[in-house]
Amino acid sequence: MSLLSIEGLRVGFRGANGGVIEAVRGVDFAIAPGEAVGIVGESGSGKSLSMLAVMRLLASPARATGGRVIFDGADLLQVGEARMRAVRGRDIAMVFQDPQSSLNPALTIGRQITDVVRAHQQVSAGQARRIAAEALERVGIRDAARRLDAYPHEFSGGMRQRALIAMAIACQPRLLIADEPTTALDVTVQAQIVDLIAELRRDLGIAVIFISHNLQLVSEIVDRVVVMYGGKVVEDGPVEAIELAPRHPYTRLLRACVPSLVGPVGPLVAIEGAPPRLGRMPAGCPFSPRCPRAVEPCASEMPEMVGEASRRVACWRPQ
Amino acid sequence: MTGPLLSLRNVTKSFPQGGLVDRLLGRETRFVALDDVSLEIARGDVVGIVGESGSGKSTLANLAVGLARPSSGEVLLDGEPLSALMRDHGGPWRRRIQMVFQDSSSALNPRKTIGRCLTETLALRGVPRVERGQEALALLTLVGLGPEMAPRLPHELSGGQRQRVGLARALAMQPDLLIADEPVSSLDVSLQAQVINLLSRLTRELGLTLLFISHDLALVRTLCTRIIVMRKGEIVEQGACLDVLDQPTHPYTKLLIAAVPKGIAGRRSPGQPDAMRAAAATSQTRDEFHGAA
């Protein structure tokens, strides 16, 4: 039984002439309780927009234009705002890329966590503070009770991201969506945050959706990978299969263009060209203009996702 | 000339810290961004400078290009002190060191076409007006862009294309030394590879001396012959790139290497975190770790 199931999700921007420019063009995937799924793709692939649509956090002119997001038997795209507010932060929590702009600089860390706790639970101020301190401690911030009174500027970038994760887990959600949570951080801090997310998942049983442009990074902690390109899922499957036997040429190149710290040194494998621009998507496979394996139907007809539920690829000439 | 192209001799750069009140009361403290750094870069060297934010790598670049002056010590270009050369503001020394910046959108004037950006740069080098157009197109070709880019404005280009324009503009001056400060860190991985391959080709074909500043050890390994590892304003380790990365001696270099994502090879079974990372994770902030190291 899936925890969250996304079916045919579409997100579009209202254009100037009343038309709609689609950025997410029919995304399907599901996540089981306690599972960790990585969504990998470049900027503009629609990975963040899809998750913002799930959280109903899209800002105009972007809006969900189709599909369903099933959570607890209800379609989150259809439920009322009051119900959605109860889900957000309590059942599904989200952590964003830039910890600096996700925190209110004028409020203490403790106040910001207790606000979330008291919005979802009938607890006293003292209890909320205890819950907040526990959450901070859980994410590895020492001397948590005292740090509650600190302001965001007193924290380093890595500690701010830890504080945001503490805020996200304070109400014990069933699903944590982390949108490029380490991109703004130094590599050593990035490694710590990835370790922390893996640990929380293991200890608290939280399901995780980890969005990143870095396949190597997500592969360290997820069970399954969903590869997106041009607003569509082009391949998904167990992480081992995606890493060891990718079938879509894009996945294959995405893996190959990142250099390694071992092995011979040579020119990098580059993907020529650039990702398609919004509103100028090819009629067929979005990757076809850059694909070295593209053949006759690729540019004109979008291939269907084929395969079993756990291992799918959308390509006319999979490898 | 046989001596080093660029040398830093005991260079320190510090900035005042604290508010105005502190300064008025004489309680000023200084943040040391670069601490007594000496290094030499020979002609044709392709040097990677790695380290985290606050390690002083960008300060080093700014000093080398003359955007900042050292608090003490000296920067020498071909044996001549940059401080003396800088008295001549638009002097020929400026042409010889060029820089490519991290953020390609703020590095280009949004209201000037790509062609104009290049021809103006060529004018600065003293290229006759009649030759500028032709040479601008040659530069675009050199960095893998077509002539159709010339009439476009920066916002019409992708990030990767803009970064190529930044590179073409730097090359327009026919520099001896090119400094690239995190030139690909804001690009998608598929575009990163394109720019790195381009830099690699240019260093070979033009015999460029390149100072490549990055936090990405794997990119440095691909591109550079030498590596300098910096931490908190000091050089902690340097040497031939492959030697240092394959057999690091300083614990900080080892930590940086351990932090590079390794895909499924880097999967840790529960309860057995990577040893180096665990060491880092037990400290709360970078500063605490560095303090303890």
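Numbers below:
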quantity	calculated
Hits in the stretch A:265-293 (condition: within 12 Å of chain B (Cβ to nearest Cβ), crowded, with 19+ Cβ neighbours inside 10 Å and within 23 Å of the chain's Cα centre (by Cα))	A:274, A:275, A:276, A:287
Single residue of B:190, B:200 found to be within 14 Å of chain A (Cβ to nearest Cβ) and under 15 Å from the mean Cα position of the chain (by Cα)	B:200
Residue within the stretch A:229-239 that is under 18 Å from residue A:52 (Cα atoms), surrounded by 21 or more Cβ atoms within 10 Å (Cβ to Cβ), within 12 Å of chain B (Cβ to nearest Cβ) and not aliphatic (A, V, I, L, M) present	yes
Residue A:222 vs. criteria of a type in the set (Val, Ile, Thr) and more than 18 Å from residue B:189 (Cβ to Cβ)	no
Matching residues, the stretch A:169-187, being within 14 Å of the chain's Cα centre (by Cα) and of a type in the set (A, V, I, L, M)	A:175, A:176, A:177, A:178
Enumerated strands (runs of 3 or more DSSP E) restricted to the stretch B:2-105, each holding at least 2 residues that are within 13 Å of the chain's Cα centre (by Cα), on the phi < 0 side of the Ramachandran plot and crowded, with 20+ Cβ neighbours inside 10 Å	B:46-50, B:97-100
Enumeration of residues in the stretch B:125-181 that are assigned to a loop (DSSP other than H, G, I, E, B), among the small types (Gly, Ala, Ser) and away from chain A (no Cβ under 14 Å)	B:126, B:150
Matching residues, the stretch B:179-202, being in contact with a strand residue (DSSP E or B) (Cβ under 9 Å, 6 or more places away or on another chain), within 22 Å of residue A:274 (Cα to Cα) and surrounded by fewer than 23 Cβ atoms within 10 Å (Cβ to Cβ)	B:182, B:185, B:200, B:202
Single match in A:78, A:112, A:127 (criterion: more than 26 Å from the chain's Cα centre (by Cα) and not small (Gly, Ala, Ser))	A:127
Selection status of residue A:303, modelled with pLDDT under 90 and buried (at least 16 other Cβ atoms within 10 Å of the Cβ)	no
Check on residue A:225, among the aliphatic types (A, V, I, L, M), more than 7 Å from every other protein chain (Cβ to nearest Cβ), surrounded by 22 or more Cβ atoms within 10 Å (Cβ to Cβ) and not in a strand (DSSP E or B)	no
Identity of the residue in the stretch A:201-222, at the interface with chain B (Cβ under 9 Å from one of its Cβ atoms) and among the aliphatic types (A, V, I, L, M), that ends up nearest to residue A:306 (Cα to Cα)	A:215
Strands (runs of 3 or more DSSP E) wholly inside the stretch A:4-77 that include at least 3 residues being free of Cβ contacts under 8 Å to residues at least 40 places away in the same chain and closer than 26 Å to residue B:160 by Cα	none
Residues being over 15 Å from the mean Cα position of the chain (by Cα), within 13 Å of chain A (Cβ to nearest Cβ) and either outside any helix (DSSP H, G or I) or in contact (Cβ under 8 Å) with a residue 12 or more places away in the chain (or both) - total across the stretch B:226-263	21
Residue that is farthest from the other protein chains (Cβ to nearest Cβ) [pool: residues in the stretch B:203-225 that are part of a loop (DSSP other than H, G, I, E, B) and surrounded by fewer than 23 Cβ atoms within 10 Å (Cβ to Cβ)]	B:207
Selection within the stretch A:144-179 - outside any helix (DSSP H, G or I) and in contact with an Asp or Glu (Cβ under 9 Å, 6 or more places away or on another chain)	A:156, A:170, A:171, A:173, A:174, A:175
Matching residues, the stretch A:123-155, being within 11 Å of chain B (Cβ to nearest Cβ), under 18 Å from residue A:106 (Cα atoms) and surrounded by fewer than 19 Cβ atoms within 10 Å (Cβ to Cβ)	A:154
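The values are calculated or read from the model by the stated rules, or taken from the named source; none is laboratory data. Note that the structure is a prediction, hence the values are computed from the model and not measured. With ideal geometry, Cβ positions are generated from the backbone for all residues, glycine too; neighbour counts draw on all protein chains shown.
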